[in-house]
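Chemist: Quick one: the structure is below, and I'll ask about it shortly.
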Amino acid sequence: MSETKIYTPKVGLFFNTGTSALPVWTRVGKGATSLSIAYNPQTTTEQYINEDSATTSTDSYQVSTDIPLTCYAEEAIFEFLDEIRRSRAVGTDAEVQVLVVYLYKDSPYPAEVNSASIAINDFGGDAGSPVVINSTLSFNGDPTTGTVVITSGSPVFTADT
């Protein structure tokens, strides 16, 4: 059995930069220096009177990812985040659909669509350094699972039935 390492380019994170009715899936890529999706499990621990050790149950997840992004003018994801930053968007104006595609599997690739909120954390940098925009993407509710086929470089999502 061959053991193949999975590298970050094999986990695709896309923002819907179009509309819900006509999604345009734009991949987070150029400028992004890290991708780590934190699942942040929400747990409950109880100690039962007839046991010496506690019992912990996983109740839910509070999924999020921090996105450090070096800014490149006219790069679609930067422009999308910069518009949220400049308008100081809140509520539904700071929400986006997010597509996560597991490209390390065979096509059609397992994938999920999530509703998410974007919080801009900071913008700028040190003298002489490229400007960076740091944001947190918080996934809201349950994902819609399905598969993706890449057609002409664009993902086409099909929800599970």
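Chemist: In Å, what Rg and Dmax follow from the Cα atoms of the chain?
Modeler: 18.5, 64
Chemist: Here is a further query. Please list 3J(HN,Hα) in residue order for the range 13-18, calculated via the Karplus relation 6.51 cos²θ - 1.76 cosθ + 1.60 where θ = phi - 60°; whole Hz, with x for glycine and proline.
Modeler: 3J(HN,Hα) across the range 13-18, in whole Hz: 10, 10, 9, 7, 8, x.
Chemist: How large are Rg and Dmax for the range 1-77 when only the alpha carbon atoms are used, in Å?
Modeler: Using the Cα atoms of the range 1-77, the pair Rg, Dmax is 19.8, 63 Å.
Chemist: Also, quick follow-up: Among SER64, SER138, VAL96, whose Cα lies farthest out toward the positive end of the dipole of the range 31-142, if unit charges sit on the beta carbon of Lys, Arg (+1) and Asp, Glu (-1)?
Modeler: Value: VAL96.
Chemist: Work through the residues other than LEU103 whose Cβ is under 12 Å from its Cβ and net out their charges, Lys, Arg +1 and Asp, Glu -1.
Modeler: Values: positive: LYS10, ARG27, LYS105; negative: ASP106.
My count for the surroundings of LEU103 gives +2.
Chemist: Shifting gears a bit: What does the charge count near TYR72 come to, summing +1 for each Lys or Arg and -1 for each Asp or Glu among other residues with Cβ under 12 Å from its Cβ?
Modeler: Values: positive: LYS30; negative: GLU74, GLU75, GLU79, ASP82.
Charge balance in the 12 Å sphere: -3.
Chemist: With charges only on Cβ, +1 for K and R and -1 for D and E, what is the dipole size of the chain about its Cα centre, in debye, rounded to 20?
Modeler: On the way: 8 positive and 19 negative charges, 115 e Å.
Around 560 debye, computed over the chain.
Chemist: Additional query: Counting only helical runs of four or more DSSP H residues, what would the 222 nm mean residue ellipticity of the chain come to if each run contributes -39,500 (n - 2.57) and the total is spread over all its residues? Write out the running numbers ahead of the final one.
Modeler: Working: 1 runs with 12 residues, N = 161.
Computed ellipticity for the chain at 222 nm equals -2500 deg cm²/dmol.
Each value in this text was obtained by applying a stated rule to the coordinates, not by laboratory testing. Everything numeric here is computed off the predicted structure, so don't read it as measured data. Backbone-built Cβ (ideal geometry, glycine too); neighbour counts: all protein chains shown.
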